[in-house]
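Structure record follows, encoded as structure tokens.
The values are calculated or read from the model by the stated rules, or taken from the named source; none is laboratory data. Please read these numbers as outputs of a predicted model, since none were measured by experiment. FYI the Cβ positions are ideal-geometry reconstructions off the backbone, even for glycines, and counts take in every protein chain you see. With ligands, DNA and RNA removed, areas are computed over all heavy atoms of the protein, side chains included. Shrake-Rupley method; radii C 1.70, N 1.55, O 1.52, S 1.80 Å.
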Amino acid sequence: MSIRLIAACPIALALLLFGCNKTVKVSTGDLSTAGTCGHASPEYLHTTSPDWRDQVIYFVMTDRFADGDSDNNDQGEGEYDPASPAHYSGGDLKGLCQQLDYIQQLGATAVWITPPVLNQWWDGEQGFSGYHGYWASDFSRVDPHVGTLADYQALSSELHRRGMALVQDVVLNHTGNYFHYDHVPPVDDPSEGYRRNRDSRPSAAPGQWPFSLNDPNDPAQREAAIYHWTPMIRDFRDRDQELRFQLSDLDDLNTENPVVRNALFDSYAGWIRQVGVDAFRIDTAFYLTPSLLQDFAWSRDPRHPGMREVARHLGAGDFLLFGEGFGNEKPYEKVVERRIDGYLRDEAGKPVLPGMLDFPLYSALGDVFARGQPTAVLAHRLQRLMRPGQDPGLQPRFVDNHDVDRFLANGSKAGMSQALLMLMTIPGIPVIYYGTEQGFRGQRDSMFAGGYGSQGVNHFDQSSPLYRQLQRIIAMRNGDPLFRRGAPVPVYSDASGAGALIYRIDFDGRQMLVAFNSADHRALAGPVDAGLPRNSDLSPVFHLDEQDDSSARFDPGGQLLFELDAHAGVVWEVHRGPENPVAAASASIRDPQLEPIADIVRSAALSVHGTAEPGSELQLLLDGNMERAAEVRVMDDGSWQASVDLDGMVDPQTPHRLQLWWPAQHRVSAARAFHVQPDWKTVAIAEDPSDDDGGPNGSYRYPLDKGWSGLQAGDIRRIEVQAWQGSLRIAIDMAELVAAWNPPNGFDHLALTVFLQLPGREGGSPVMPRQQGELPDGMRWHYRWRVGGWTAAGFSSVDADADNEGQPLKLSPLLETDGERQRILLTIPATSIGHPANLDGARIWINSWDFDGDYRPLDDDPGGYQFGHGDGPAGAKWMDASPILQLDMPDR
């Protein structure tokens, strides 16, 4: 039910919700008015903790999942509009409770919800609402948009009755956006430069004491020091800014202050006591000190205990806390990993948090299965899973979430299925972001028909292919402790690109082999020393594709050879069998030989030769690719020679390999490694006028958020295109590159879209997907790349239209950023664009905008994160565009 509450001015009454003279609706509840999920049962409200190593978490953004009570959707502050991505859509706790069958039958054993606490509902300066839950106004109350305390208790009780667990998202770093600074104020006068958010609804300050004390113009509030009186973070490399300044304009709490700590600890302890929450996910952990989190988890202060102590007194033996340490880890690096480790153990080796979200693995999964990077990237990350100083079984692992692009926004369903299979065959807690099992591409689209991005359709389809496949994968994991407790050991990976990745899992005297092929072609992997006895036998346990024809067999030397279908994911169990009979029968046949080759190759073709059994039928494999294998004719004297096309090999640091494959004898030669040094030639240059970043009609304006103030983030200045055989390298010089939001690609406030039309090729599309326009001068694109601070995704024009970006390319462009020259460099291998025979006459067009889950919105007037141009929302979304560049290839 709802009551109307009028708050008064004195600070003594700040426990009332929303400050002075503001009338708002506040939801309350009692156990007699629980929703259709049933009443909360006291015997199920508090239960013993599960063994978290055995759980599979389903992560829900509550507002976008299911609407069980339409009466709470609109609280009358202009915050509700299910047609808008910036507004509330109407999902709530009752709706979630009604869909627990759907979640449980998928195989999930726990549900993680976004913060259910009372939020700032609307930030008019940003043009955004707090539907997500991370802009707290009161950390101790349920937000009426998601329901009542009784609804929350009923959800918890029903989960526990089913043997499932409840994970709540919590925030300790900040509240909503109630005030701003444009510069750092003097230490002795934080009122200088202080400005309230002029359009914060429903109140100008948080409703909960002491967080309501947010005005430094009042000496008492200034002295209380509940907040850091600071502007937004400008330099993420500065640890002081990271800990004390505002993240994305959100008011930074002074968590060194005992009053703040105690209020936060007491508020979150209340959710454990009142609702029976089983675990907390801690938002923005890197912006908090490890010592604070250590106390939050473990403190035994009898007045303000840590969360594990609170839960222990209620009979929960293992309350889980895991933090968010956001960061994209580059291949083979350990920068983010080291930061995460500092939040698992302190310098003395004492525990800080039991778990941290595994962002390094997330990065590697996307690099390999969505962007076509070498599988050695994932093998390196697998080796790091078992590092000392952390419990690998308690680290939540994921393929995407609410803060990053969906996997399918840039990758394929086949690649996502491989990533999910890997999650389910390694130690850790797999996290499934809602909608993954329905093939969602929109970052925060709704599952229910009335919500944003749903296309008017309910998506709780248990017969969908992805749901059924994920159900099978989870069932395999839940049915065998080897996948939950075993130690993965990589035994084979490909350092040249997409291809095979194979690891062995050891547990309790048993072994399994898990094999993937991330490439679009059938691949040969071997010879592989998998660390198995000679009398081992393999039996298949699981195939991603039930029609998969992948195989694994021992060669005469007792090593394994794998033939893996494109996008294969296969699990074999290892058994002990009879001694391999092939070894003795084939010992007299000599192996094919490939003579040594140069380490550095500077040409587009490579001539090789060697020896083999006369009359044998061999294949020459480049990087294990069986579909582009060259047939080798062996002469009567046992000699042979062949030529290999190296088109598409553009990275001189990447090792490549050649092998001879003898299918009849299941033998393969030793690999010969080499590197390719491309000879790039300039084939087009275009100068672009300065200060012309005003959109198609010259009147477009950048968003109003101060992060854009004074910037010309979309102003293209110069483009140079180079080519080598069928590959391209595109240098794009901008007026300026900024990196205010700590982007992994080195720039933000900008997304570039590159369109390529190939000469003599039919088809293509004139439409700019999601950008509300068409290409100029009758141009039709065959390939397109969208490049921003967090992603570099490519698409073909297959299935592309105004709403759909097209078919994702397996191999993303190589992306480099040169901040000193304000340059973005894209390298596009020929392999990603179909090995074009000739690029002469190809056309390239590039435009600029910004992207956050989608191209940012456009309307009459600019908003916080919205572009404006005076002609309504239907204009083409680009601020600057290059001339069309036509490539003039040199004679070969």
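Ignoring ligands, DNA and RNA, please state the percent of accessible area on the chain from carbon and sulfur, probe 1.4 Å. Intermediate results must be reported in sequence, preceding the final value.
Working: 15600 of 32800 Å².
Summing carbon and sulfur atoms, their accessible area is 48 percent of the total for the chain.
So, with +1 on the Cβ of K and R and -1 on the Cβ of D and E, and no other charges, what is the size of the charge dipole of the chain about its Cα centre, to the nearest 20 debye?
1900 debye
Label Ala605 and Ala220 with points 7 Å out from Cα along Cα→Cβ: what is the distance between them in nm?
Inter-label distance under the simple model: 8.7 nm.
With just the Cα atoms defining each centre, how far is region 256-333 from region 593-656? Give it in Å.
Each part's Cα centre sits 58 Å from the other's.
Bin by bin, in steps of 5 Å, what percent of the Cα pairs in region 569-690 do you find, going until the bin that has the longest distance?
In order of increasing distance, the bins hold 2, 9, 17, 16, 14, 12, 10, 7, 5, 3, 2, 1, 1, 1, 0 percent.
Can you give the Rg to Rh ratio for region 644-782, taking only C-alpha atoms and Rh from Kirkwood?
Using only Cα positions, Rg/Rh for region 644-782 is 1.11.
Computed on alpha carbon atoms, what radius of gyration and Dmax characterise region 472-580, expressed in Å?
13.4, 37
Among Ala519, Pro430, His313, flag the residue with its Cα farthest along the positive direction of the charge dipole of the chain, charges on Cβ as +1 for Lys/Arg and -1 for Asp/Glu.
Highest projection toward the positive end goes to His313.
Averaged per residue, what accessible area in Å² does the chain show with a 1.4 Å probe, protein chains only?
So the chain comes to 37 Å² accessible per residue, rounded to a whole number.
Considering lysine pairs in the chain that are 8 or more places apart or on different chains, how many have Cα atoms under 29 Å apart?
Summing the qualifying lysine pairs gives 15.
What order do Arg239, Arg303, Arg338, Arg384 take when sorted by accessible area (1.4 Å probe), most exposed first?
Arg303, Arg338, Arg239, Arg384
Taking the Cα atoms of region 497-557, what is the range of coordinates along each of the three principal axes, in descending order and whole Å?
Answer, in whole Å and largest first: 34, 25, 20 Å.
Modelled label-to-label distance, Met635 and Gln383, 7 Å Cα→beta-carbon offset: nm?
Distance between the two pseudo-spin positions: 4.2 nm.
Would you mind putting 748-755, 50-57, 362-369 in packing order, based on average other-beta-carbon counts within 10 Å, highest first?
The densest-packed peptide leads the list: 362-369, 748-755, 50-57.
So for each of 768-778, 826-836 I average, over its residues, the number of other beta carbons within 10 Å; can you give me the resulting order with the highest mean first? Before the final figure, lay out each step's value.
Working: 768-778: 16.5, 826-836: 21.1.
Per-residue mean Cβ counts within 10 Å order the peptides as 826-836, 768-778.
How much length would be gained if the chain were fully extended between Val798 and Gln471, taking 0.36 nm per residue of separation minus their Cα-Cα distance, in nm to one decimal?
Numbers: separation 327, 0.36 × 327 = 117.72 nm, distance 2.96 nm.
Net length gain for the segment: 114.8 nm.
Using only Cα atoms, figure out Rg for region 646-703 and give it as a multiple of 2.2 N^0.38 Å.
2.35
If we count every other residue with Cβ under 10 angstrom of Asp555's Cβ, Lys/Arg +1 and Asp/Glu -1, where does the sum land?
On the way: positive: Arg553, Arg667; negative: Asp591.
Charge balance near Asp555 sits at +1.
On the first, second and third principal axes, largest extent first, how far apart are the outermost C-alpha atoms of the chain in Å?
101, 69, 51
Just to check, using Stokes-Einstein with a Kirkwood Rh over alpha carbon pairs, what's the diffusion coefficient of region 291-423 at 10 °C and 1.306 mPa s in µm²/s?
This corresponds to a translational diffusion coefficient of 99 µm²/s.
Distance in nm between label sites at Arg821 and His575, each 7 Å beyond Cα in the beta-carbon direction?
6.0 nm
Could you check how many percent of all C-alpha pairs in region 385-520 are farther apart than 17 Å?
Result for the distance tail: 65 percent.
Quick check for you: which residues of region 706-745 have the amide N under 18 Å from the point 7 Å beyond the Cα of Arg237 toward its beta carbon?
737-745
I'd like to know how region 770-846 sits against the 2.2 N^0.38 Å rule of thumb: what's its Cα Rg over that expected value? Don't skip to the answer; put the middle values down first.
Working: Rg = 13.5 Å, N = 77, 2.2 N^0.38 = 11.5 Å.
Normalised by 2.2 N^0.38 Å, the Cα Rg of region 770-846 equals 1.18.
Rounded to two decimals, what ratio of Rg to Rh does region 79-131 give with C-alpha atoms and a Kirkwood Rh?
For region 79-131, the value is 1.08.
Which value, in Å² rounded to 10, gives the accessible area of Met635 with a 1.4 Å probe and all protein chains present?
Here the residue's solvent-accessible area equals roughly 90 Å².
Once you treat every alpha carbon in region 276-368 as an equal point and sum by Debye, what is log10 I(q)/I(0) at q = 0.15, 0.25, 0.26 Å⁻¹?
-0.60, -1.24, -1.30
With all distinct Cα pairs included, what does the Kirkwood hydrodynamic radius of region 115-223 come out to in Å, to one decimal, could you say? Numbers along the way, then the final one.
Details: mean 1/r = 0.0641 Å⁻¹.
One decimal place: 15.6 Å for the Kirkwood radius.
Roughly how big is region 200-334's charge dipole about its Cα centre, with Cβ charges of +1 (Lys, Arg) and -1 (Asp, Glu), in debye to the nearest 20?
In total the dipole reaches around 300 debye.
What's the extension gain from Gln105 to His183 if we count 0.36 nm per residue and subtract their Cα-Cα distance?
Between Gln105 and His183, full extension yields 22.8 nm more.
What is the extension gain from Gln462 to Trp790, computed as 0.36 nm multiplied by their sequence separation minus the C-alpha to C-alpha distance, in nm to one decimal? Write out the running numbers ahead of the final one.
Values: separation 328, 0.36 × 328 = 118.08 nm, distance 3.23 nm.
Stretched out fully, the Gln462 to Trp790 stretch lengthens by 114.9 nm.
Enter the accessible area of Arg141 (Å², nearest 10), with the probe set to 1.4 Å and all protein chains included.
90 Å²
Percent of alpha carbon pairs in region 463-514 separated by more than 14 Å?
Here the long-distance tail beyond 14 Å is 63 percent of all Cα pairs in region 463-514.
Could you tell me what fraction of 2.2 N^0.38 Å the Cα radius of gyration of region 803-892 comes to, as a two-decimal ratio?
That ratio works out to 1.41.
Per q in 0.10, 0.13, 0.16, 0.17 1/Å, what log10 I(q)/I(0) does a Debye calculation on the alpha-carbon atoms of region 350-440 return?
-0.25, -0.41, -0.62, -0.69
For region 55-170, what ratio Rg/Rh do Cα atoms give with a Kirkwood hydrodynamic radius? Before the final figure, lay out the partial values.
Working: Rg = 13.9 Å, Rh = 14.2 Å.
Rg/Rh for region 55-170 comes to 0.97.
Give the residue from Thr47, Ser848, Trp112 lying farthest towards the positive end of the charge dipole for the chain; charges sit on Cβ (+1 for Lys and Arg, -1 for Asp and Glu) and the dipole is referred to the Cα centre.
Positive-most Cα among the choices belongs to Thr47.
Assuming R0 = 60 Å, what is the FRET efficiency of Asn535 and Asp854, from their Cβ-Cβ distance, to the nearest 0.05?
Working: r = 56 Å, r/R0 = 0.93.
About 0.60, to the nearest 0.05.
Where in region 293-335 is the amide nitrogen less than 15 Å from a point lying 7 Å along the Cα-to-Cβ axis of Asp403?
322-329
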